[in-house]
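Colleague: Can you keep this structure in mind? I'll have questions shortly.
The values are calculated or read from the model by the stated rules, or taken from the named source; none is laboratory data. On a predicted model such as this, the values are computed, not experimentally measured, just so you know. Here the Cβ is made from the backbone with ideal geometry for all residues, glycine too, and neighbour counts use every protein chain on show.
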Amino acid sequence: MVNDFRQIIVNWYERKKFKKIDFKENFIDEIEDRYQIKYRAVFEPRDSLTKARVELDYTKTGLIGVGFERWDRVAARRNCKFMLGYKNRFASGHEPIRVPIEGVVQLLEEIASGNIALKTFCMFGILMSIKAVTTNDVRDRLNKKGYSFNSWYFVANSTENLDNLVRYDPWE
């Protein structure tokens, strides 16, 4: 199971031929709360805060977790500070759940295309909240591939008029 997941993710990354996104992977045996992580894939922008960072975790039982961006990177984009203890915390995403691999690949496609942004709120120079946002079209494409777990982002008809939005450039 974990090798199948890994191969699909590696094949997707290699097919895309990204020049400025590093792919790091680890086979691990890390116990988190209610699950045991066996594999982690990280898509790390090289020297850029304008491209989204993403982590995927695959558990012993076949659940998949998503970590979208980190508080420290978002705070740097907004020229704010982050709250104590939040530096390495994910800005958005979800704990491991059962989701089809086709849905995860579609999520990677949307992130790589710059189709998911972050709505942020800073007060007194401190980043207080972050919520992922996308459009109806993106949500529909994700749902079509079986990725219907959408409580980690909200959907807007358009992101054009949203304030305090951190947008991401497509991966290249």
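Colleague: Considering only segment 13-37, how many residues are more than 18 Å from the chain's Cα centre (by Cα) and in a loop (DSSP other than H, G, I, E, B)?
Modeller: Looking only at that region, the number is 4.
Colleague: Which of the residues that make up segment 50-76 are over 30 Å from ARG34 (Cβ atoms) and surrounded by fewer than 17 Cβ atoms within 10 Å (Cβ to Cβ)?
Modeller: Listed by number, the residues that qualify are THR50, ALA76.
Colleague: Also, I was wondering about something else. Considering (1) surrounded by 15 or more Cβ atoms within 10 Å (Cβ to Cβ); (2) touching a residue at least 24 places away in the same chain (Cβ under 8 Å); (3) closer than 22 Å to LEU142 by Cβ, say which one PHE23 fails and leave the rest.
Modeller: (2)
Colleague: Given the conditions (1) β-branched (Val, Ile, Thr); (2) surrounded by 14 or more Cβ atoms within 10 Å (Cβ to Cβ); (3) in a strand (DSSP E or B), and given that ILE9 satisfies all but one, which numbered condition is not satisfied?
Modeller: Condition not satisfied by ILE9: (3).
Colleague: Ok, one more. I need the full set of residues from segment 77-107 which are within 20 Å of MET1 (Cα to Cα), of a type in the set (A, V, I, L, M, F, W, C) and surrounded by fewer than 21 Cβ atoms within 10 Å (Cβ to Cβ), in order please.
Modeller: Residues satisfying the conditions are ILE97, ILE101, VAL105.
Colleague: Just one of (1) crowded, with 16+ Cβ neighbours inside 10 Å; (2) outside any helix (DSSP H, G or I); (3) in contact (Cβ under 8 Å) with a residue 24 or more places away in the chain trips up ARG40, so point out which.
Modeller: Going through the list (1) crowded, with 16+ Cβ neighbours inside 10 Å; (2) outside any helix (DSSP H, G or I); (3) in contact (Cβ under 8 Å) with a residue 24 or more places away in the chain, ARG40 breaks only (3).
Colleague: Looking at the structure I just gave you, is ASN79 within 23 Å of LYS131 (Cα to Cα) and out of contact with any strand residue (DSSP E or B) (no Cβ under 6 Å at 6 or more places or on another chain)?
Modeller: yes
Colleague: Take GLU30 and decide whether it is surrounded by fewer than 17 Cβ atoms within 10 Å (Cβ to Cβ) and either over 29 Å from LEU127 (Cα atoms) or of a type in the set (D, E, K, R) (or both).
Modeller: So GLU30 fits the description; yes.
Colleague: Also, I was wondering about something else. Out of the residues in segment 45-64 meeting the condition of being part of a loop (DSSP other than H, G, I, E, B) and of a type in the set (D, E, K, R), tell me which one is modelled with the lowest pLDDT.
Modeller: My answer is ASP47.
Colleague: Right, next: Pull out all pairs, ordered by first then second residue, where Cβ-Cβ is under 7 Å, the residues are six or more apart or on different chains, the first lies in segment 78-89 and is under 14 Å from MET123 (Cβ atoms) and at pLDDT 85 or above, and the second is surrounded by 15 or more Cβ atoms within 10 Å (Cβ to Cβ) and of a type in the set (Ser, Thr, Tyr).
Modeller: From segment 78-89, the pairs are ARG78/THR120.
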